[in-house]
1. Using amide H atoms built in the peptide plane, which far-off residues or other-chain residues are under 5 Å from GLY168 H to H?
2. Calculate, in nm to one decimal, what VAL253 and PHE316 gain on full extension: separation in residues at 0.36 nm each, minus their alpha carbon distance.
3. Work out the FRET efficiency for TRP335 and GLN107 from their Cβ-Cβ distance, taking R0 = 30 Å, and round it to the nearest 0.05.
4. Just to be sure I understand the model, the point goes 7 Å from the Cα along the line to the Cβ. What's the resulting GLU219 to LEU88 distance in nm?
5. Evaluate the relative contact order of region 322-416 (contact order divided by residue number), counting alpha-carbon pairs under 8 angstrom at least 6 apart; express in whole percent.
6. Cut-off 10 angstrom, C-alpha nodes, Gaussian network model of the chain. Which of ILE186, ILE15, ILE395 fluctuates the most?
7. What FRET efficiency would be calculated for the residue pair GLN211, SER416, taking the C-beta separation as r and a Förster radius of 41 Å, to the nearest 0.05?
8. Using the Karplus curve 6.51 cos²θ - 1.76 cosθ + 1.60 with θ = phi - 60°, work out ³J(HN,Hα) for each residue of region 297-304 in order, rounded to whole Hz, and write x for Gly and Pro.
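Values in this text are rule-based calculations from the coordinates and carry no lab data. The shown structure was predicted, so the numbers you read here are calculated from the model rather than taken from an experiment. A quick note on method: Cβ atoms are made from the backbone with ideal geometry, for glycine too, and the neighbour counts reach across all protein chains shown.
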Amino acid sequence: MSGAQAKAAVVCGCIGVVAEVSKEALLKRHKQGWLEEYTDDLEVLVRRIREARTKKQATSIGYQGNVVNVWERLLREYETTGELLVDLGSDQTSCHNPFSGGYCPVQLTFDQAEEMLIKNPNKLKTLVQESLRRQVVAINKLSDAGLFFWDYGNAFLLEARRAGADVGAVGADSIKFRYPSYVQDIMGDIFSLGFGPFRWVCASGDPTDLQKTDEIACEVLQAICEEGIPERIRQQYTDNMKWIRQAGEHKLVVGSQARILYSDQVGRVRIAQAFNDAVRTGKLKGPVVVSRDHHDVSGTDSPFRETSNVDDGSAFTADMAVQNFVGDSIRGATWVSLHNGGGVGWGEAINGGFGLLLDGSEDANYRASLILNWDVSNGVARRAWSGNENAESTILRSMTLDRRLKVTFPHHADPSLVARALDQA
Ligand SMILES: NC(=O)c1ccc[n+]([C@@H]2O[C@H](COP(=O)([O-])OP(=O)(O)OC[C@H]3O[C@@H](n4cnc5c(N)ncnc54)[C@H](O)[C@@H]3O)[C@@H](O)[C@H]2O)c1
């Protein structure tokens, strides 16, 4: 339980139910304020969901126990009363690493699973796969009743299929799942529009610095909107301004005074330079470090997640993350990283990351422009070459805003000609 989903549910006005087998993890999120209430009793859980639905009360309810029990209890409720108590669902166990502690099988308690991991890992694997099959049976029945289920990007569907669960799409080839990945169905095509989780940390560790950076970021986004933005990204700007205005109120900070804000290339560069100015003029008490999540426009090559909508075959290469790693480093990043795994599991993805210290200097200002422009454009260009229309229009805008940027465009082939050629091959 990261707590993010519980908080997000409340921010969006939903009733979020999150199961967690580890009591320690659940209590920690409750204490930190990410989770509003909790219970270890399935009957209490069902009663609270029903109550909150009736009162239209946004809340987050933690269930201390196994998620399979929750799915099966919700199914029983539907089968006995005809009431579907869950509209949206996903799985957030660490299924990218299911046999080494990432997924606790329903047949065992958390402590028993930990013990079996050491004493009999083969038996644990058998139980995990059995539990995944049970979980999918309940989810499939609830989905038939109207639940919208999607893969959270934790390799749940991949591991469920490996376990023999019925997750294949009906009538489709063997690689398609019956449920969508959140990349396509929840996030949409935002990476091709250049938007991704830009983030920063206030090195002073002072909450008032974070508050000031939130205000600066919001002012910058507002100014960009007023100067004129393409219609296709207006919603992104509106949503992200709404988020950054409210971010402080939700008290999401644990530890470092850090923030994530989805932003595009123009927004990232201008926000970073405005932060640098604020450091220089003393408006902020200390420097700011800017970075981004690996799960972004160009940070990650991951055919089952970040690059799953790159359709020209290049999703199965590692060039984008590697180019970002090299490109960011020669443009003066403070640190860079290149690493395997993450989210979908080892061997399935390559990630390139960077961080840049904004110390108020002219040099930091220059490097922010070099790195952030490159970091986003590199991925958008790659997505444009794969024939993505949003990416083509985004990179065209970048070239218009900076005449020195030259990116080639792909030649679009008639899909029927390509299909015919493939048939003949
Ligand atoms: N889509 C994204 O943007 C995104 C972001 C972060 C993480 N992820 C993926 O999501 C997964 C979870 O990430 P995390 O950082 O929360 O991992 P985590 O390991 O911190 O949390 C997973 C939790 O699931 C609990 N758990 C395991 N099996 C359970 C079961 N059967 N029932 C109830 N609880 C169970 C564990 O005790 C653990 O606390 C990972 O696979 C990660 O790669 C996706």
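1. Amide H neighbours of GLY168, under 5 Å, 5+ apart: ARG178.
2. Values: separation 63, 0.36 × 63 = 22.68 nm, distance 3.58 nm.
So the extension gain works out to 19.1 nm.
3. Values: r = 44 Å, r/R0 = 1.46.
Result of the calculation: an efficiency of 0.10.
4. Going from the GLU219 label point to the LEU88 one covers 3.3 nm.
5. Values: 110 pairs, mean separation 19.9, N = 95.
Dividing the mean separation by the residue count of region 322-416 yields 21 percent.
6. ILE186
7. Values: r = 56 Å, r/R0 = 1.36.
E between GLN211 and SER416, to the nearest 0.05, is 0.15.
8. 3, 10, x, 9, 9, 8, x, 9
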